[in-house]
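The values are calculated or read from the model by the stated rules, or taken from the named source; none is laboratory data. These figures come from a predicted structure and were not determined experimentally. Every residue, glycine as well, gets a Cβ built from its backbone with ideal geometry; the counts of neighbours run over all protein chains shown.
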Amino acid sequence: MNNVLVSIGIPAYKSTYLRETIDSILKQTYQNLELIIVNDASPEPIEEIVKNYSDKRIRFYANKTNLGRKDPVANWNKCLSYAKGEYFSLLCDDDIYAPAFIEEMVRLADKYASCNVFKSGVKIIDANGNTIGAFPESPEWETCGDYIKYVSQRKRKQTISEWMFRLSRMEETGGYEPVPLAWGADYISVMKFAACGGIAACSEKLVSFRRSGQNLSTKNDKTVIEKLMGTKIYARKLAFLINDTELLNAEELMPCVEKIKRSEQKATLNSASPSHLWRLRSHIRNLELSRRTWIVILVKKIIKSIVK
């Protein structure tokens, strides 16, 4: 196995689990790595935590202003801009790598030389580190088109933490794809990087995704309009990618775009309160929502609140 440099970025804002996240990187069986930590102008003690480490593989940077509040992807790409390795991974500040994650990703990269995207299985943990679920498994290799198809069928699930990419592919395609609140940005970014070469995966669950109550996806529904706008933009970017990439079968995949959009919209609407759903009434056309879907979910929410 090649002993190439691997860059890992942490876009840091939350401090609660940051030590555990950092430790999981420094304890990798694959040692030729650099850890890039970018403090996104956090009010929490990010720098104080990092100062407790003397490992020379750590490189610490601090943004003068907060990028993630308006555009989390901007801080993902800030981490990427500092990378010097042949491969790049991004680990959220409350997720965890198993010790063999990087070693296994590099093994996959060696085996699939024409591939640019590599991933591991994912287990879901709670705030206390208890396993509460897992993401669906993937085959050892699949095309980007197959991945898009299975996402539309809800047979694939992802975060941004379980991936490793060839840095050259990321740079030539412009890095992570910006979407409001990063809503779907992980999916469209992976699809963009994988359009040439597909996706190689291991079934072993080497990444722990933490549902701590602090995730954007678990926060209150005040951001419901931004999330729905993110879904709209994600779908448009995916349609453009499919139409613009010769390796992707547009006739087969374009119906998948609509499925993905409707599925994501329903999930967002179902997580919103009746009052926030009602406020969407003047935004339905702009957000490309189905009025019928909106009404059905709103009525169900109102009935449920009355019964309670």
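Just to be sure before I move on: is GLU264 at positive phi, modelled with pLDDT of 95 or more and of a type outside the set (A, V, I, L, M, F, W, C) in the structure I sent? No. Filter segment 10-34 for residues that are under 21 Å from the mean Cα position of the chain (by Cα) and of a type in the set (Lys, Arg); which is surrounded by the most Cβ atoms within 10 Å (Cβ to Cβ)? Looking at residues that are under 21 Å from the mean Cα position of the chain (by Cα) and of a type in the set (Lys, Arg), I get LYS14.
Regarding segment 133-140, can at least one residue be identified that is in contact (Cβ under 8 Å) with a residue 60 or more places away in the chain and either out of contact with any strand residue (DSSP E or B) (no Cβ under 8 Å at 6 or more places or on another chain) or more than 30 Å from GLU252 (Cβ to Cβ) (or both)? For segment 133-140, residues in contact (Cβ under 8 Å) with a residue 60 or more places away in the chain and either out of contact with any strand residue (DSSP E or B) (no Cβ under 8 Å at 6 or more places or on another chain) or more than 30 Å from GLU252 (Cβ to Cβ) (or both): absent. When SER152, SER161, SER212 are checked against the criterion of being surrounded by fewer than 19 Cβ atoms within 10 Å (Cβ to Cβ) and under 17 Å from the mean Cα position of the chain (by Cα), a single residue qualifies: SER212. If you filter segment 275-308 down to residues that are more than 19 Å from ARG262 (Cα to Cα) and either in contact with a helix residue (DSSP H, G or I) (Cβ under 6 Å, 6 or more places away or on another chain) or among the polar types (S, T, N, Q) (or both), you find that the one that is surrounded by the most Cβ atoms within 10 Å (Cβ to Cβ) is ILE302. Checking ALA134 against (1) over 28 Å from GLU246 (Cα atoms); (2) in contact with a helix residue (DSSP H, G or I) (Cβ under 6 Å, 6 or more places away or on another chain), which test does it fail? If we test ALA134 against (1) over 28 Å from GLU246 (Cα atoms); (2) in contact with a helix residue (DSSP H, G or I) (Cβ under 6 Å, 6 or more places away or on another chain), just (2) comes out false. Number of residues in segment 2-48 that are of a type outside the set (Ser, Thr, Tyr) and within 21 Å of PRO99 (Cβ to Cβ) equals 24. Of the residues making up segment 16-43, those that are over 17 Å from ALA83 (Cβ atoms) and touching a residue at least 40 places away in the same chain (Cβ under 8 Å) are THR16, TYR17, LEU18, GLU20, THR21, SER24, LYS27, THR29.
List the helices (runs of 4 or more DSSP H) that sit entirely inside segment 236-308 and contain at least 1 residues that are in contact (Cβ under 8 Å) with a residue 60 or more places away in the chain and within 17 Å of ASP146 (Cα to Cα).
Per the criteria, 250-270.
Does segment 86-109 contain at least one residue that is touching a strand residue (DSSP E or B) at 6+ places or on another chain (Cβ under 6 Å), more than 24 Å from VAL6 (Cα to Cα) and in the same structural domain as SER189 (by TED's automatic domain parsing)? No: segment 86-109 contains no residue that is touching a strand residue (DSSP E or B) at 6+ places or on another chain (Cβ under 6 Å), more than 24 Å from VAL6 (Cα to Cα) and in the same structural domain as SER189 (by TED's automatic domain parsing).
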